[in-house]
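Worksheet: one structure, shown below.
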Amino acid sequence: KEIDNQNNRKEEEEEEEDKDEDLVSINREEAARVHGMTAYLNDALEVYGYEQENNAFFNTLKIRIPEEISLPDFQALAEDYELSYSLCNDEYILLSINEEDDSESLSDIIACLAEAADNFGTPVDEEDWSDICALDGSLLR
C-alpha cells in the first residue's frame, strides 16, 4: 500500500509540473505578443513626429510630446479616443500595451497620436505579434 501511495503522489506531482510548464508556455507566448505590439507602436511613433525615450522596453513606452502639440489639445483628443496613458512631467506620456490589446486597439492608439500630430493614422493589420522583438538578445531567456 505504501508503494502505491508513493506512486500516486509521484504521478500527482508530475501532473502539477506539467500544468506549471503549460502555464509558463502560455505566459511566454502572451508576453511575446504584448511586446511585439509595443515594438510595432515604437516603430510607428517616429512617422508621426514622436520620440520614444526608453532604450529598452517591454510593454511601456515613454513618449515625448512634440512641441507643436499642446498638452490640453492632446489630453482632450486622448479622452475622445479613450486612450489610457500617464502624464510624466507635462512633456512625456507613458503608454502601456497589455494582454487585452489587439490590432484594433493598436490602430486606435496610432490614430490618436497621428491626429494629435495633425496627421492620419495607418490602420494596423493583424500580425503574428510574437515575431516582432525590440529587446536586445542578451535580455532574452
**Asked** Given E53, E30, which one is in contact with an Asp or Glu (Cβ under 6 Å, 6 or more places away or on another chain) and modelled with pLDDT of 70 or more?
**Response** E30
**Request:** State whether the residues of segment 114-132 include one that is open to solvent by less than 30 Å² (accessible area, probe 1.4 Å), touching a strand residue (DSSP E or B) at 6+ places or on another chain (Cβ under 9 Å) and closer than 16 Å to N42 by Cα.
**Result:** no
**Complete:** Output for Cβ contacts, cut-off 9 Å, separation at least six or different chains, first residue at positive phi in segment 75-104, second of a type in the set (A, V, I, L, M), reads D90/I65; D90/L71
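The values are calculated or read from the model by the stated rules, or taken from the named source; none is laboratory data. These numbers come from a predicted model, not from an experiment. Cβ coordinates were reconstructed from backbone atoms using ideal geometry, including for glycine residues, and neighbour counts include every protein chain displayed. Note: accessible area is taken over every heavy atom of the protein model, side chains too, but ligands, DNA and RNA are not part of it. Shrake-Rupley method; radii C 1.70, N 1.55, O 1.52, S 1.80 Å.
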